[in-house]
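Single-structure report; data block below.
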Amino acid sequence: MSSVKIENLHASVGGVEILNGVDLEINDGEIHAIMGPNGSGKSTLASLIAGHPDYEVTSGSILLDGQDVLELEPEQRAQKGIFLAFQYPVEIPGVSNANFMKQSVNDIRKAKGLEPLKAGEFLKLMKEKAKFVEMDKSFLKRSVNDGFSGGEKKRNEVFQMAMLDPEFIIMDETDSGLDIDALRIVANGVNKIKDGKKSFIIITHYQRLLEYIVPDFVHVLSGGKIIKSGGSELALELEERGYDWLGETNDEVVA
Amino acid sequence: MSKFLTNIEKEWDSVVDFPIESKPERLAYLEDFKQKGLPTRRDEDWKYTNIGFLNKINFSSGNGSKINSELISGIIISDLDVHLVVLVNGKFSEDLSQFESNENLKIIPFSKLKKDNHRRFKENFGKMTEGGHRFENLNRALFSDGLFVELGGNYKAEKTIHILNIANCKDSPVIINHRNLIVAGECSNVKIINSYYSIGAFESIFNTSSEINLDNSANLTYYNLQNDDQDLSHIFNTTRSQLAKNSIFSDFTFSLGGKFIRNELSCRLIGEQSLANLYGLYLADQNSLVDNHTFVAHEVPNSTSNEFYKGIIDDRAKGIFNGRVLVKKDAQKTNATQQNRNIVLSDKAQINTKPELEIYADDVKCSHGATTGVIDQDALFYMRQRGIPLAKARSLLMFTFCYETIEKIDIEQIKEYLTKIIKKRLNI
């Protein structure tokens, strides 16, 4: 179960309004792509759903399976199954990937009232999921994202996604800065995680990721609002024609 | 006369002649101290460090009740095989100590030392502290015992030496003036731990003065472990080192517990190709104060120093870092780096950091940097987004910050010991 309902969401950062009433409904297992020009509020929407403390919701709601998540702390949202694949994954020198995931997996299990995984079970899980993104096991010992290339960082995001088995996944420009091989690895990883029950928001500038991960719906976010929605064919049309033909793209705000 | 000086006068009455130095020989140091008095915050070196508490504690060098030997096993580093030298209230304790001393590795308490039998003692004793600061002079006047360690040429000590300073404060507040003289012969190799522990409900004041001499190609690592009582322990710890050609001196100063800690560490690089590593880690919280004053003097060409101090200050605690680096005119090709990094966790916590570089040579590589910040907010959000609760994410990031220093230690047992202490402090 993972339906998401975003209603009339308004948000600002430092007093500047960035989202002007976003409405979006995602049913179980659906994949929604959000495209749009730079500065249209896409990343803000992603950060906001995850609970970034810098963004202030001025009105509206985000319901996950009927429960408003706006009152929840970021960790509580994660424990409820919200996962954000970061556009810029953060480096944490001194914390190994393996240790990071061990804390993460077990904290989420704890919130669900489950026992922590036994060392053996955890290792097995890590090995299995590392294969999803063709990640060498030496990565598990390295510090989180520390000194990773752009492509490695994004693969690491998808690896973590596989480890945590979330229900609602937001991918924030996971394809940016990836060459074609890395893009294929990342997309394959996501396709293995997809199980028909998890819901996705995929934020991207380009249609090419959507060739690998085919969305059910495509939305255009511009000026802090969704100005057009359609099927996966809309992404192709946007690729060809850009955003100008949709109008309303001039009142851009800072992301 | 201040209360501190009155108490010091009383202490002087109980000073006895040592075979190595008679009481009259020590009088000049007492006079010097009395004349200058305690430093105040008008002294540049004490600007941020208030030692007014010295006038409030009614201390003596006291004898205290007997220390139970079972206590020792709880305060030493488990599984580490050491030469253990225990001093209780500044006096060597035969019962509690356990070490072997021989021609290659002399470990001899001052109280058992005949100066004339040990050439290296005679050559080095008191040389580095001569003309030193007030607390060194106070120590020289009042020291109740000390430890002489000498490594013969080419001798590589397998076992670490652990000097454990215990303050027995069960009956009354205690002051301890204790000295170390360490002489590492040519090509010798040794690791030494210097740690502090107070027992009882009264205050302790440690005033330690150490002289460390490294001959050519000697390699000495010195661990200062300060993890004492948060409310009652006060530590003044002065270490002076001198590095001959090709020698390596590594100092680790871990200030993890104590109401007041003032470390003064100086390294004189007087031989070419010598290397000094100075690592410090301090965690100060509640009302505590940790002050690290370091001084590195590059006096000849081609020597290197790496200095890396970091700390976390919380609550109403105060941290002070003052790192002076001197590169003398002839010390070309000096390579000196200094870094001080701090995390300040509360509005009332304070850190004062001051690098002082004096460079008189023109072909040198010197760098320094000091940062003071809060916890990396991006990393914090990232960890929370992965389901890790805020408090735990913060602790993990702080542990990471500390571990950078711990991982430089090459004795596994000390690493584990410190990891345990730090994890406990950070509630991990």
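The values are calculated or read from the model by the stated rules, or taken from the named source; none is laboratory data. What you are looking at is a predicted structure, and each value in this text was computed from that prediction instead of being measured. In this analysis, Cβ positions are derived from the backbone assuming ideal geometry, glycine residues included, and neighbour counts consider all displayed protein chains. We work out accessible area using only protein heavy atoms, side chains counted, and drop any ligands, DNA or RNA first. Shrake-Rupley method; radii C 1.70, N 1.55, O 1.52, S 1.80 Å.
With every protein chain present, what accessible area does A:Asp146 have (1.4 Å probe, heavy atoms only), rounded to the nearest 10 Å²?
Only protein atoms counted, so the area is about 60 Å².
As a test question: what accessible area, to the nearest 10 Å², does B:Leu27 have when a 1.4 Å probe is rolled over all protein chains in place?
About 70 Å², ignoring ligands and nucleic acids.
Work out which residues of the range B:397-428 lose at minimum 10 square angstrom of accessible surface when the other protein chains are put back, relative to the chain isolated, with a 1.4 angstrom probe, and list them by number.
Residues shielded by partner chains are B:Leu397, B:Thr400.
In chain A, with Lys and Arg counted as +1 and Asp and Glu as -1 at Cβ, which of these residues, A:Leu45, A:Ile31, A:Ser104, has the Cα nearest the positive end of the dipole, that is, farthest along it?
Going by the charge dipole, the pick is A:Ser104.
Let's test the formula: R0 of 30 Å, r as the Cβ-Cβ distance of A:Ser149 and A:Glu211. What FRET efficiency results, to the nearest 0.05?
0.85
Can you tell me how chain B classifies by the Cα gyration tensor, rounded, prolate or oblate, using a/c under 1.5 as the rounded cut? Before the final figure, lay out the partial values.
On the way: a/c = 1.39, a/b = 1.18, b/c = 1.18.
Note, shape of chain B comes out rounded.
Under a 5 Å amide H to amide H cut-off, with H placed in plane at 1.01 Å, what residues pair with B:Ile235 once short-range neighbours are removed?
When sequence neighbours closer than 5 places are left aside, the close amide H contacts are B:Phe206, B:Phe260, B:Ile261, B:Arg262.
What order do B:Asp363, A:Asp179, B:Asp116 take when sorted by accessible area (1.4 Å probe), most exposed first?
Highest to lowest solvent-accessible surface, that is B:Asp116, A:Asp179, B:Asp363.
With each pseudo-label sitting 7 Å past Cα toward Cβ, what's the A:Glu17-B:Ala391 distance in nm, one decimal?
Those two pseudo-labels are separated by 4.0 nm.
Using θ = phi - 60° and the Karplus curve 6.51 cos²θ - 1.76 cosθ + 1.60, what whole-Hz ³J(HN,Hα) does each residue of the range B:98-110 get, with Gly and Pro shown as x?
The phi angles translate into 8, 7, 10, 10, 9, 5, 7, 10, 8, 10, 9, x, 3 Hz.
In the Gaussian network model of chain B, springs joining C-alpha atoms below 10 Å, which of B:Met128, B:Met398, B:Met383 carries the largest mean-square fluctuation?
B:Met383
Please list, ordered by chain and number, the residues whose modelled amide H lies under 5 Å from the amide H of A:Ile170; skip anything fewer than 5 residues away on the same chain.
HN-HN under 5 Å from A:Ile170: A:Phe83, A:Leu84, A:Ala85, A:Ile201.
Given the Cα-Cα distance of B:Asn117 and B:Thr337 and 0.36 nm per residue of separation, how much length would full extension add, in nm?
So the extension gain works out to 75.1 nm.
Can you give the accessible area of B:Val300, probe radius 1.4 Å, in Å² rounded to 10?
Near enough 30 Å² of accessible area.
Around B:Tyr196, with a cut-off of 10 angstrom between Cβ atoms, what is the net charge of the other residues, counting Lys and Arg +1 and Asp and Glu -1?
Computed value for this residue: -2.
Add +1 for every Lys or Arg and -1 for every Asp or Glu among the other residues with Cβ under 13 Å from the Cβ of A:Pro116, and state the total.
Residues near A:Pro116 contribute +2 overall.
Under the rule of -39500 (n - 2.57) per DSSP H run of 4 or more residues, summed and divided by the residues of chain B, what mean residue ellipticity at 222 nm is obtained, to the nearest 500 deg cm²/dmol? List each step's numbers first, then the result.
Details: 8 runs with 87 residues, N = 428.
Computed mean residue ellipticity for chain B: -6000 deg cm²/dmol.
List the residues, sorted by chain then number, that are 5 or more residues from B:Asp229 or on another chain and whose placed amide H is less than 5 Å from its amide H.
Close amide H contacts, sequence-distant or interchain: B:Ser198.
Tell me the label-point distance for the pair B:Asn104, A:Ser59, using the 7 Å Cα-to-Cβ offset, in nm and rounded to one decimal.
8.4 nm
Please report, as a whole percent, how much of the solvent-accessible surface of the protein assembly as shown comes from carbon and sulfur atoms (probe radius 1.4 Å). List each step's numbers first, then the result.
Details: 12800 of 27980 Å².
Reported share for carbon and sulfur atoms: 46 percent.
Could you tell me the distance between the Cα centroids of the range B:305-342 and the range B:30-85, to the nearest Å?
24 Å
Protein chains only, probe 1.4 Å: how do B:Thr337, B:Thr371, B:Thr221 rank by accessible area, largest first?
Descending accessible area places them as B:Thr371, B:Thr337, B:Thr221.
With a point put 7 Å past each Cα toward its Cβ, work out how far A:Ala111 is from B:Asp378 in nm, to one decimal.
Here the answer is 2.3 nm between the modelled labels.
Keeping all protein chains in place, calculate the accessible area per residue for the protein assembly as shown (probe 1.4 angstrom), answer in Å².
So the protein assembly as shown comes to 41 Å² accessible per residue, rounded to a whole number.
Identify the GluC sites (Glu not before Pro) of the range B:1-104 meeting these criteria: DSSP loop state and at most 16 other C-beta atoms within 10 Å of the C-beta.
Here the sparse-neighbourhood loop sites are B:Glu21, B:Glu94, B:Glu100, B:Glu103.
Quick one: net charge of B:Asn207's neighbours, Cβ under 12 Å, K/R +1, D/E -1? Please list the in-between numbers first.
Numbers: positive: B:Arg134, B:Arg140, B:Arg179, B:Arg262; negative: B:Glu11, B:Glu136, B:Glu264.
Once all neighbours under 12 Å are counted, the net charge is +1.
Counting only protein heavy atoms and rolling a 1.4 Å probe, how much accessible area do B and A lose on contact, total for both sides, in Å² to 100?
Using a 1.4 Å probe, the pair buries roughly 2000 Å².
What FRET efficiency, computed as 1/(1 + (r/R0)^6) with R0 = 56 Å and r the Cβ-Cβ distance, is obtained for B:Glu94 and A:Ser138, rounded to the nearest 0.05?
According to the calculation, E is roughly 0.60.
Determine which lysines satisfy two conditions relative to B:Lys34: a Cα distance under 20 Å, and not lying fewer than 8 residues away in the same chain.
B:Lys3, B:Lys10, B:Lys23, B:Lys56
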